[in-house]
Each structure stands twice: as C-alpha cells, then as structure tokens.
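Trainee: Take this structure, written in structure tokens, and hold onto it; I'll ask about it next.
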Amino acid sequence: MTGALFLKSNVHLVIGKDVTLLGSQLLQDYPEIDTRVAGIEMRWPAALINIIDARNASVSGEGVIDARGKFNWDLYWNMLKKYDSLGLRWIVDYDVKRVRTILVQNADHILIQGIKLKNAGFWTVQLLYSKYVTVKGITIRNNEDGSGPSTDGIDVDSSSWILIEDCDIDCNDDNFCLKARHTDNGLRIKSATTRGGTIVDIYFENSELDSINNVFQFNLNWYPAYSYSHCHRVIPMIAFRLIGKRCSGK
C-alpha cells in the first residue's frame, strides 16, 4: 500500500506479474500540487503515480494498480446532495478534490504500458502539458467496487504527439479507448466555451463500434448547468443533432 509516488527522469517503474499496488485511502497521503483540472489551474491532490517535470520515464508490467478510490466517490456523492439543493451542481467537481491514478505533467518521452488499473478515485490517466507520450496495452476497470463518478479512462489535456493503442477500458465516464462497453457515444469531443483551446490533427482509424446511439458527437458547449456558474439566456446549438444549450457569460 502506498500514497503518492513521484517518478524522476530516467526511472522505469515495473509492476510485475502477480503484484498489486494498493492506493492509500487517506487523502493526506496525496499532497496537493500545482496542476490543472477540468480547464482550471489549481492546487489539487497528487495522483497515485506522478511523472512531473521529467523525461524518459515509464510505468509498465503485468501487475495491477488498485487505486481503491471508493473513498473519493463517497465524498462526491455526499457533497452532490448538498450542492444540488443550493443550485451549485457545477462546482462539485472542483470542491471535491479526488485522486487521479496516473498523472503525466510537463513531461516528455514517457511510456505507460501493459498494466491493469482499477477503481480510480477520479481520472485514471491524465496526460497534461506533455509530449511524446505512449499509452499502450493497458487495461482499466473502474467499476469493480461500484459506480465511481468522473472516473475517466485516459484524458489528454494540452498535449501533443500522443499515441494511445491496444487499450481496453471500462469506466463510468469518458473512455478514451479502442474498445468500450455500454457507451452512448462512439467518437466524442466535448468542451465548454469557458475552456478555450484548439483541437487539431485528430485521427480515428480502424474503429469498430457496436450498440451505440451516436457514432460521432462533437459538442463544444457541453452541459451548461454543470459547466458555468450563471445561465441567463438559452440559444439552441445544432451540430449533427441538437447537442446542448448556450449560455451567456454575463
């Protein structure tokens, strides 16, 4: 069992076959760091495994990382009940500081390969401000201990030259994967007008999609009641189909 681990440059962390790394269930074992969550720079708990300001580092092996994130899920669901009654649904994700499983931040030439990750407290793998990162052949199972909120599979944030292949992901929110289970949208890009940013040179190739409602969904003004603190006027926004409502920033 361990709290946050920080890998330096030129370090290769190997989690061998029949080995399980257990994440601590005490929030104080994940010190807060400067990072970015859902488009906002802020202090946030470190991930279970962190590769920050490093290069030529990797995490691989045939073993398991069990983040045991249910203690984060319980914090979220309890706060959601209170915030919903106050009309503050949009801020719950920011006020409940939950632990990511792997964070690659401001790093380059990084490899994550082969491992199985389970029960993330929040996002499973976040690639942030990084380049030349390969995520290959990993398995993610985030629903074994229940249904965790915002347990994304792989989040690519403000990064370039990213290769993700041969991954098998089952989580309770956004999968970035070649194989998914019980999802409404096959290939989806979503954002909010307050987040900005540019999406270019995205390639989806050789994808086989089964039992989904939408093959493509591109929504750059997603879920205004969640994404913005104020919403005074509503304007329909159409792209492929009716996909949301647009709110003024006033």
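Trainee: Does segment 83-95 contain any residue that is outside any loop (DSSP other than H, G, I, E, B), at pLDDT 90 or above and under 17 Å from the mean Cα position of the chain (by Cα)?
Mentor: Among the residues of segment 83-95, not one is outside any loop (DSSP other than H, G, I, E, B), at pLDDT 90 or above and under 17 Å from the mean Cα position of the chain (by Cα), which makes the answer no.
Trainee: Looking at segment 25-52, which of its residues are of a type in the set (Gly, Ala, Ser) and out of contact with any Leu (no Cβ under 8 Å at 6 or more places or on another chain)?
Mentor: Within segment 25-52, 38, 39 qualify.
Trainee: Give segment 19-46 a look and list any residue that's within 18 Å of the chain's Cα centre (by Cα), of a type in the set (D, E, K, R) and under 13 Å from residue 3 (Cβ atoms), or say none.
Mentor: Across segment 19-46, the qualifying residue is only 32.
Residue-by-condition table, conditions (1) basic (Lys, Arg); (2) within 24 Å of residue 15 (Cβ to Cβ):
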| site | (1), (2) |
| --- | --- |
| 79 | no, no |
| 105 | no, yes |
| 111 | no, yes |
| 127 | no, yes |
| 155 | no, yes |
| 181 | yes, no |
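Trainee: Let me ask something else about it. If the requirement is being in contact (Cβ under 8 Å) with a residue 12 or more places away in the chain, in contact with an Asp or Glu (Cβ under 9 Å, 6 or more places away or on another chain) and hydrophobic (A, V, I, L, M, F, W, C), which of these qualifies: 125, 59?
Mentor: Testing whether each residue is in contact (Cβ under 8 Å) with a residue 12 or more places away in the chain, in contact with an Asp or Glu (Cβ under 9 Å, 6 or more places away or on another chain) and hydrophobic (A, V, I, L, M, F, W, C) leaves just 125.
Trainee: Across segment 96-120, what is the number of residues that are among the β-branched types (Val, Ile, Thr) and part of a strand (DSSP E or B)?
Mentor: Within segment 96-120, residues that are among the β-branched types (Val, Ile, Thr) and part of a strand (DSSP E or B) number 4.
Trainee: Also: Please find, within segment 29-47, the residue that is nearest to residue 92 (Cα to Cα) out of those that are in contact (Cβ under 8 Å) with a residue 24 or more places away in the chain and surrounded by fewer than 17 Cβ atoms within 10 Å (Cβ to Cβ).
Mentor: Checked segment 29-47; the qualifying residue nearest to residue 92 (Cα to Cα) is 38.
Trainee: Pick out the one residue from 27, 48, 7, 21 that is within 21 Å of residue 66 (Cβ to Cβ) and in contact with a Pro (Cβ under 7 Å, 6 or more places away or on another chain).
Mentor: 27
Trainee: Taking the conditions exactly as written (surrounded by fewer than 16 Cβ atoms within 10 Å (Cβ to Cβ) and either without any contact (Cβ under 8 Å) to a residue 60 or more places away in the chain or more than 25 Å from residue 43 (Cα to Cα) (or both)), does residue 136 satisfy them or not?
Mentor: yes
Trainee: Separate question: Hey, does segment 170-192 have a residue that's among the acidic types (Asp, Glu), modelled with pLDDT of 80 or more and under 28 Å from residue 79 (Cα atoms)?
Mentor: yes
Trainee: List the residue pairs whose Cβ atoms are under 6 Å apart, where the first residue sits in segment 143-161 and is in a loop (DSSP other than H, G, I, E, B), the second is among the hydroxyl-bearing types (Ser, Thr, Tyr), and the two are 6 or more positions apart or on different chains.
Mentor: Final answer for the pair search is 149/76; 153/124; 158/129; 159/130.
The values are calculated or read from the model by the stated rules, or taken from the named source; none is laboratory data. None of the values given here were measured: they were computed from a predicted structure. Here Cβ is always computed from backbone atoms with ideal geometry, including for glycine, and neighbour counts include all displayed protein chains.
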